Amino acid sequence: GDGCGHMVMYQDSGTLASKNYPGTYPNYTLCKKKIQVPLGKRLILKIGDLDIESQKCKSSHLTIWSSSTQHGPYCGNVMPIPEEIILDSNEATIHFESGSHVSGRGFLLSYASSDHPDLITCLERANHYTKDEYSRYCPAGCRDIAGDISGNIGEGYRDTSLLCKSAIHAGVIADELGGQISVTQQKGISRYEGVVANGVPSHDGSLSDKRFMFTSNGCNKSLSLEEGFLSKSQVTASSYWEETNEFGQLFQWSPDKAWLQVPGLAWASNHSSNREWLQIDLGEKKRITGIKTTGSGSAMLNFNFYVKTFTMNYKNNNSKWRTYKGILSNEEKVFQGNSNSGDIVRNNFIPPIVARYVRIIPQTWNQRIALKLELMGCRIMQANSSFTHSMWQKPSQSTETSLGKEDRTVTEPIPSEETNLGLKLTAIIVPVLIVLCLFLFSGICICAALRKREAKGLSYGLSSAQKSGCWKQIKQPFTRHQSTEFTISYNNEKETPQKLDLVTSDMADYQQPLM
């Protein structure tokens, strides 16, 4: 049968493992898979684990074929396994076969293009490194690889945690794409709190000597705390549940109770269907990078309400609702929500949502739809322009949500409020300056024309009787005195060429005629 197991391949990186890894691979199986990176790039491979039960690599082995060379076969302890294999081509074939055996994990390898020489495998942990700061490239497909992590994005992760799996948990990279991570190591803490995030469970951890944290652009603050608690009119829902207890007391599970920071009841819908929704108006277009959700709460012992899965819709002013879709598919993305009513679960949006309105649409739930939430992100003008590159890498194919002017996502540059104000001021000031310039220019032209005509009149000795029109009406409030600054030559058909001193003659001064 097919001996290939876990497999995630993206255009620039990927992860491959034998079937049942890290369990025992099957007997008499074959896995043959072609991997490639973009043309013009070289292929880099790293074998993270190899445990094949064979002494001479005849019946069971791993071999890597490229267009010109063969690497392997690898098995058991017959020959040392290279830490890194760099091929001369952009593609290779992974060939794994097994015969009869008792034990063996098989293999796990990662690959990337030559653009990422700092590639690591999914099995590397932070305690493998001694530097306080470093950067590495995680391949696609590390989320479902066996291995524990402890901690969270706020307090940091225990140094025994898997690096790439922790990065997916923190929302620094997407499992489908992989990406670059920047790590800082710090002094450890006495206890690490485990939470579920982005489909990755993190476990509680004990005291450690060191911990590590990921460098980000800071666009992960609470949007509700940033502006203060939003007004009731900014949180609406399709319906809400009103409950009357045995003592006749009325409890309203209204949408304004949906904020995670507000103690007490949550929002609960009056009906149980996937047509129910909870809508939030953020007041202006913002960059939304994540969401935290919980259920009816551990304090409500009589109820065990929570949302298991949900989808997200969003929109801006005068635009239609859009569905948030997966990175590598054109289908709506279904987020994994809560597994109980009390724990908080985080999901990150890679790429982020840039919108004013968002809707959470429950898909599956326990007993009744009930939800408390918190949105994370930042204002658009505060977001770092390098966020796109540090937090996710854009796929070559157009997989992000396509939007109109009102629905630009993070993949497009969004003008800040200061830019909009500058454009408005420019639109007002520039026409005014143009009108003033035209007015001054016309006045200068009229003055120049009148000076020229009078100069002609004086040169030819024209009498005042020959002057007509508005020229006769020009007043002479003062007389210009003689000057000897410059002279020019003037040619006349009837007279011989001579030099005329324009400025030395007494010129009749004028005022601008009425218009």
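Before moving on, here are some points about what is shown:
- Taking 0.36 nm per residue of separation and subtracting the Cα-Cα distance, full extension of the segment from residue 184 to residue 320 would add 44.7 nm.
- For the stretch 287-292, putting each phi into the Karplus relation 6.51 cos²θ - 1.76 cosθ + 1.60 with θ = phi - 60° gives couplings of 9, 10, 9, x, 9, 10 Hz, in residue order, rounded to whole numbers and with x for Gly and Pro.
- By the equivalent-ellipsoid construction on the alpha carbon gyration tensor, the stretch 1-68 comes out with semi-axes of 24, 14, 11 Å, ordered largest to smallest.
- Average accessible area per residue (Å²) across the stretch 4-113 - probe 1.4 Å, nucleic acids and ligands excluded: 47
- Candidates 376, 303, 345 compared by Cα position along the dipole of the stretch 257-377: farthest toward the positive end lies 376, with charges placed on Cβ.
- For the stretch 43-83 versus the stretch 219-297, the gap between their alpha-carbon centres in whole angstrom: 55
- For the stretch 4-113: Kirkwood Rh in Å [reciprocal of mean 1/r, alpha carbons]: 13.9
- Extended-chain gain in nm, criterion 0.36 nm per residue less alpha-carbon gap, residue 209 and residue 11: 67.5 nm
- Among 102, 69, 10 the positive-end extreme of the charge dipole of the stretch 1-137 (Cβ point charges): 102
- Two-site FRET efficiency, residue 134 against residue 28, from Cβ-Cβ distance with R₀ of 30 Å, rounded to 0.05: 0.10
- For the stretch 285-360, the direction-averaged projected area of the alpha-carbon convex hull comes to 5.7 nm².
- Base-10 log of normalised Debye intensity for the stretch 126-216 (one unit scatterer per alpha-carbon) at q = 0.20 Å⁻¹: -0.86
- With the highest mean first, a sort of the peptides 316-329, 141-154 on other beta-carbon atoms found within 10 angstrom per residue produces 141-154, 316-329.
- Dipole in debye (nearest 20) - the stretch 4-113, about Cα centre, beta carbon charges: Lys, Arg +1; Asp, Glu -1: 220
- Once the C-beta distance of residue 191 and residue 302 is scaled by a Förster radius of 35 Å, the resulting FRET efficiency is 0.65 to the nearest 0.05.
- Cβ-derived FRET efficiency at R0 56 Å, residue 261 paired with residue 67, nearest 0.05: 0.40
- Alpha-carbon gyration tensor eigenvalues x 5, square-rooted, for the stretch 234-379, Å: 26, 16, 14
- Using 0.36 nm per residue and subtracting the Cα-Cα separation, the extra length available between residue 127 and residue 233 on full extension is 33.2 nm.
- The stretch 45-139: GluC sites (Glu not before Pro) in DSSP coil with no more than 14 other Cβ atoms inside 10 Å: 83, 84
The values are calculated or read from the model by the stated rules, or taken from the named source; none is laboratory data. Since the model is a prediction, treat every value here as computed from it, not as a measurement. As a convention, Cβ positions derive from the backbone with ideal geometry for all residues, glycine included, and neighbour counts pool all protein chains shown. With ligands, DNA and RNA removed, areas are computed over all heavy atoms of the protein, side chains included. Shrake-Rupley method; radii C 1.70, N 1.55, O 1.52, S 1.80 Å.
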